[in-house]
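Below you'll find the structure, written out as C-alpha cells, and then a few comments.
The values are calculated or read from the model by the stated rules, or taken from the named source; none is laboratory data. Please read all numbers here as calculations on a predicted model, not as lab measurements. Note that each Cβ is placed from the backbone with ideal geometry, even for glycine, and that neighbours are counted across all protein chains shown. Areas reflect the complete protein model, heavy atoms only, side chains present, ligands, DNA and RNA absent. Shrake-Rupley method; radii C 1.70, N 1.55, O 1.52, S 1.80 Å.
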Amino acid sequence: MARMPRVTLPSGETVELPEGEPIGSILPPDAIAARVGDGLVDLAWVPDADVSAQPVSTSDPDGLYILRHSTAHVMAQAVCELYPGAKYAIGPPIEDGFYYDFDLPEPLTPEDLPRIERKMRGIVQQNQTFVREVLDRGEALRRFEDQPFKKEIIESVEADEGALGDRVSVYRNDGWADLCLGPHVPATSRLGAFKLTSVAGAYWRGDEKRPQLQRIYGTAWPTQEELDDYLHRLEEAERRDHRKLGQQLDLFSSPDELGPGLWIWHPRGGVFRKELEDYVRDLHLDRGYELVVTPHIARSVLWETSGHLAKYAENMYPPMHDEHTDYYVKPMNCPFHVLVYKSRTRSYRELPIRLAELGTIYRHERLGTLHGLMRIRGGTQDDSHIICTPGQLIDEILRVFDLTFEIHRTFGFTDPVVNLSTLPGQTILEPEMAQRATDALKTALDRSGLEWTEAEGEGTFYGPKVDFHFRDAIGRLWQLTTVQCDFALPERFGMEYMGEDNQRHRPVMIHRAILGTLERFSAVLIEHYAGAFPLWLAPEQVRVVPVADRHAEDAGRLAERIRERGLRVGVDASRETVPKKVRAAEVMRIPYTLVMGDKEIEAGTVSVRGREGKEVRGVPFDEFLEKVAAERESRSLEPSSF
Ligand SMILES: [Zn+2]
Ligand SMILES: [Zn+2]
C-alpha cells in the first residue's frame, strides 16, 4: 500500500494526508483553492505524492481571479436556465470582474440583468458543489452536443481552454457544465458579492465574420463592502470623467476635422496649460536644466540612426516626401536633443548637460486604444535628456527622483508605486549595455530608499526604465513619470566628450518625462480634482456677480483691482438672477464668486462664495485680495478661509 502523501504548509509544518483525502481538508477555512508548485488546484484535489501547498484566499490576486471566474460560471448557468436554448461561448475573468458571451434566442437589455442576478443568488443558496471531471474528446463532444461553441473549442483542442492532451477537463455544478481548466471555489455558496453591470455585442472569437454574440459583464468581490466601494468608485470615475468635464469647463475639444486622437485647447484650457507649462519650465531652469527648442519633423536619416525606423515605425505616422527625401513627424524628442549635444565638442567639465523641452510628439496609436486625452496621437511631453559621464549617472538619476517628488507633491500626489521595467524583446541594445543600464537604475533605486518592484520586459527599445505611479483622489494608480537609462543612443550617434585625460569618451544618457504628456497629465488632474483645480491652475479664479444693473460699474472696478493683483477674474453682468449666476460659476468650478450689492459697496466688503457652496459675508475686500493672492503664489491645494 502506498505511503500517505505528506503536505508541507507555508509554516514549514508537514502534515500526512490520509489516502484519498483532498488537500482542502488541511487548509484554513478561508481558503478557496490551493497553490501547489507553480499551479493552482481545487480544494478537492487529492495529492498522490509529497507536495508543498499554500492556501489561496480571496485576498490573494489569484483567489480573486478564481472567485470571478467561478462567478462567471454561475452567471452562465443562470442564463442557460432562464433562456432555454442558450448557447454559451466563453467567459473569462477580467480586471475587476468577468464577462460571458452567449448566443440567445432573444436580445438582452440591461433590464434583464436583475432577473439573472436573482437566478444566480438562487444557485448560490443551493450551495452546489463544483465538480471537476476529465473526459476524453468523444465523451466531451457528446456532453456538449447542443453547444456549438464548446464543440468547436473541443475540436480545436487548445491547451488553455480545457484540453489535457486528448482529454478535456470539465467543471460541473448541478446539471450545468463548462469546459474549463479550473480551479474553482469548492461550491457556489463560496462566491462573494457580485453585480451584473452591462450588456454589449461581441463576435465569436473576436472575428466579425463569425456570429455576433451577446456579452454580459459583471463584477465580483469577496464582500458586499468591497463591491459597494467598487461601484462607488465607478460612479465617481464617471462623475470625474475628463472628457465630460473638459467640455463642461470649456477646456478642449477634438473636432472630426482634426483626426482621431488630436485635440485643440480652448482659451480656458490654454491658460491652464500656460500655468502648468510655466511652472514646469521655470522649475527645470531652477534645477539646472537648460531649455531647447526643436522642430516637429526630421529627415528619415535621423530616425534610421536612432533606431526608430527599425524598432518603432509602427507607432509613427507615415512619412512625407519632398523631391529629396522622406520626412517623419517625431514620435520622440530624443534624437533632436542628441543633435543639440553634438552641435559642438563637449568637455567633461560641461557635464552633466540637462536639456529640457516641452516637446510635441505624434504617435500613430491604434484607433481602438485612443481614449480622450488619456491616450492620444499628438501631445506635448515635459521631456528632458541628461547627458553625463558614467560616474555621474547614479547621482543624476537620484536628482531626477527628487524633482519627480517635488513636482508631483505640488499637485497633491505622494507615495508613488515604483517599478523597474527591464527590456522588451525588441531592443537595439547589446546585452552588456542593457545590464549596465539596469544595474544603474537598481543602484539608484536602492540608494533612494524607495520601495520598488521589478516588471520584466516592459522597458523601451533603447533601455530599461523606472516608472512612478501615483494614486489619485479616488485611489486609481496612474503611471506618470518614467526615467530611462540609455547607453545605446550615445553609441549610435557617436556622442563624445573630451575627458580629463584628453581622450574621447562616451557619455551616458538619461531620458525622463515627469508629467508624461501634458495632455494626459491634464486629464489625470481633471479627474483627480473633479474639475475643481487648485487656484493657481483655475482658468478663471474669481468671478464677480453684481446683484443688479446699478452695481455693474462697481463690480467692474473691483474686478480691475483683482486683475491688477495678477488674478484671473470675470464679471457676470448678464441679466440672470443672482442664484442662476452663482450656479453658473459653480458649474465652471470657479474657486471664488463675489456677490456685490448695495451693502457690500457701501462697506467696502465682499460676500465670498466658494465653489463648494459655502458663503462668508462681510469680508473686507483687501483681506480677500491678499489671501487669494497668497494662495495663488504658494500654489496651495487648500482654499483660503475667511
Ligand atoms: Zn471555469
Ligand atoms: Zn528620450
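Structure values in brief
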| item | result |
| --- | --- |
| Shape call, the chain: gyration tensor on alpha carbons, a/c limit 1.5 | oblate |
| Solvent exposure, largest accessible area first (probe 1.4 Å, DNA, RNA and ligands not counted), of Arg215, Arg471, Arg142 | Arg142, Arg471, Arg215 |
| Overall form of the stretch 215-256 per C-alpha gyration tensor (a/c, 1.5; a/b vs b/c) | oblate |
| The stretch 15-107, relative contact order in percent, only Cα pairs under 8 angstrom and at least six apart counted | 19 |
| The stretch 342-448 - percent of accessible surface contributed by carbon and sulfur, probe 1.4 Å | 45 |
| Accessible surface of the stretch 187-236, 1.4 Å probe, proportion on carbon and sulfur as whole % | 44 |
| Gap separating the Cα centres of the stretch 553-597 and the stretch 163-238, nearest whole Å | 52 |
| Environment charge of Ser347, counting only residues whose C-beta is closer than 15 Å and scoring Lys/Arg +1, Asp/Glu -1 | +2 |
| Charged-residue dipole, Cβ positions (Lys, Arg, Asp, Glu), the chain about Cα centre, Debye nearest 20 | 1400 |
| Local electrostatic count, Arg565, Cβ distance below 13 Å [Lys/Arg +1, Asp/Glu -1] | -2 |
| The stretch 317-381-the stretch 275-315 distance, computed between alpha-carbon centres (Å) | 4 |
| Shape category assigned to the stretch 466-508 from the gyration tensor of Cα positions, a/c cut at 1.5 | prolate |
| Reciprocal mean inverse distance between Cα atoms of the stretch 415-548 - Kirkwood radius, Å | 17.6 |
| Carbon + sulfur, % of accessible area of the stretch 516-613 - ligands and nucleic acids excluded, 1.4 Å | 49 |
| Heavy-atom accessible area per residue - the chain, 1.4 Å, Å² | 47 |
